[in-house]
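Each remark here refers to the structure printed beneath this line.
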Amino acid sequence: MPSKIVISGFYGLGNTGDEAILEAMIDNLRSEWPDLDITVFSLSPEQTEKTHSVKSVYRGWRHNNKEKIRALREADLLISGGGGLLQDTYPTRFLFGPLPYYLLIVFLAKLCGTKVMFFSQGIGPVNTTWGKILMKVFANMADFITVRDEYSKQLLHQLGVTRPETVVTADIVFAFCHKQDDACMESLPLHGDEQLVAVSVRPWFHHRDYYRKIAKTLDQLIELEDITPVFVPMEGEHDVYASEQVVKQMAHKRSCHILDPNFTPNQYLHFISQCRLTIGMRLHSLIFSALTGVPHIGLSYDKKVESLLKRSGMWDYSFRLEDIDTAELVNNARYVLRHRESLSRVIQQNAEQMRRDALENIRLLKEKFFLQHEGRQ
């Protein structure tokens with residue numbers, strides 16, 4: 001049986017979606033192998049160790065490099081993922097930026113003689129010449145790849161990443177173990193009869209106009225449907241700031257609430273499960289909604305969001321960020337609220353399929369690496 005795995009991803013930085021990925025990954029790996037020795041590369045190693053009962057090594061290059069190499073050398077497998085690691089949306093220089101970082105970890109693993117799996121990843125965008133070169137050279141070093149949508153598989157092939165077998169599965173968060181926890185709800189001054197709508201917004205580079213459009217939409221829904229918007233900050237103070245930008249442009253700002261940014265992924269998920277509707281930008285706010293059968297309207301800033309909405313069955317009600325039409329968004333939200341039960345059934349059916357696809361990540365990991373490993377013992 002496998003003994004040691006290293007996990008590399010966007011962990012320990014306070015992003016709810018990525019922390020949900022890590023929790024789902026660890027829970028499902030331990031369900032298969034209860035005694036598995038797991039080391040996570042994290043920016044907050046002490047917090048990661050405490051939260052998940054794993055070993056953890058500081059992920060940056062400033063220190064603990066010997067420890068990273070030792071962990072990779074001793075591991076049976078490096079899991080790179082999940083999430084949107086391999087992209088150059090953010091500035092990519094010679095050795096700096098998300099894409100060079102994660103590919104260098106892969107290169108280190110291969111130098112250490114360790115097998116590599118890209119796990120439940122969303123690929124792209126990769127637009128820079130340097131990013132494309134890095135992908136073609138280093139991503140082809142992986143031994144096996146699972147991606148969370150068809151677009152990611154196609155993009156890998158366009159980038160020349162054709163050596164590793166690549167299989168489309170689903171985001172591992174669809175295999176998240178939802179636990180009862182009312183901490184978010186209990187933190188709010190509610191009466192209990194509100195029609196709650198979860199709202200997830202994020203900063204997105206130079207774009208600002210969507211704050212105004214979302215504010216106008218929520219004001220109209222408060223007037224027409226008596227909703228209570230609750231902002232769910234999926235990435236700490238960044239999303240609190242974006243939420244505040246929306247609220248300050250609203251006429252009915254007193255009807256809104258912003259959750260504390262320090263709740264756990266499961267606490268946010270459980271809160272969203274109790275809402276009538278989600279209007280969201282963050283991918284994992286929409287995944288949490290799909291996972292719990294909550295109808296959702298996505299505001300897509302990236303192909304990964306659009307891909308998820310098509311699989312959940314809610315793309316027809318959603319918008320690309322640059323194409324938001326306030327009147328149409330209000331009408332779509334009202335329609336979804338009126339037809340919530342029938343839409344919820346469709347979403348639950350689609351989410352169940354995505355849960356099966358998410359668990360394929362674990363099955364394929366076992367088949368490609370550890371059944372062979374066990375056969376050599």
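Only the coordinates and a few stated rules stand behind these numbers; no lab work does. Model, not experiment: these values are computed from the prediction. Reconstructed Cβ throughout: ideal geometry from the backbone, glycine too, with neighbour counts over all protein chains shown.
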In the range 228-377, with Lys and Arg counted as +1 and Asp and Glu as -1 at Cβ, which of these residues, Ser318, Leu329, Asn361, has the Cα nearest the positive end of the dipole, that is, farthest along it?
-> Asn361
Top of Lys153, Lys304, Lys50 by mean-square fluctuation, Gaussian network on the chain, Cα under 10 Å | Lys50
What is the Cα centroid distance between the range 1-56 and the range 240-299, reported in whole angstrom?
-> 25 Å
Once Lys and Arg are counted +1 and Asp and Glu -1 for all other residues with Cβ under 15 Å from that of Glu67, the total becomes +4
Cα-based helix-to-principal-axis angle, 326-338 vs the chain, degrees rounded to 10 | 90 degrees
Treat every Asp and Glu Cβ in the chain as -1 and every Lys and Arg Cβ as +1, leave all other atoms uncharged, and give the resulting dipole magnitude about the Cα centre to the nearest 20 debye.
-> 1240 debye
Hey, if you put +1 on the Cβ of every Lys and Arg and -1 on every Asp and Glu Cβ in the chain, which of Ser8, Cys275, His52 ends up farthest toward the positive end of that dipole?
-> Ser8
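Given Lys115/Lys179; Lys4/Lys179; Lys66/Lys136, which pairs have Cα atoms separated by over 30 Å?
Over 30 Å apart, Cα to Cα: Lys115/Lys179.
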Sort the following peptides by mean Cβ neighbour count (other Cβ atoms within 10 Å, averaged over residues), highest first: 202-208, 184-190.
-> 184-190, 202-208
Paramagnetic reach from Arg338 (point 7 Å along Cα→Cβ, amide N under 19 Å) across the range 285-312 | 295-297
Global form of the range 193-294, assessed from the alpha-carbon gyration tensor, a/c cut-off 1.5 | oblate
Going toward the positive end of the dipole of the range 213-335, with +1 on Lys and Arg Cβ and -1 on Asp and Glu Cβ, which of Thr217, His284, Val230 do you reach last?
-> His284
Quick calc, the range 1-143, dipole around Cα centre from Cβ unit charges on Lys, Arg (+) and Asp, Glu (-), nearest 20 debye, gives 660 debye
Pop out the Kirkwood hydrodynamic radius of the chain from its pairwise C-alpha distances, inverse of mean 1/r, in Å to one decimal.
-> 21.2 Å
Computed FRET efficiency, Cβ-Cβ of Gln353 and Ser31, R0 30 Å: what is it to the nearest 0.05?
-> 0.90
Only Lys, Arg, Asp and Glu count, each charged at its Cβ (+1, +1, -1, -1), so figure out the dipole size of the range 126-168 about its Cα centre, rounded to 20 debye.
-> 160 debye
Excluding residues fewer than 8 places away in the same chain, name every one of the lysines whose C-alpha is closer than 29 Å to that of Lys216.
-> Lys248, Lys253, Lys303, Lys304, Lys310
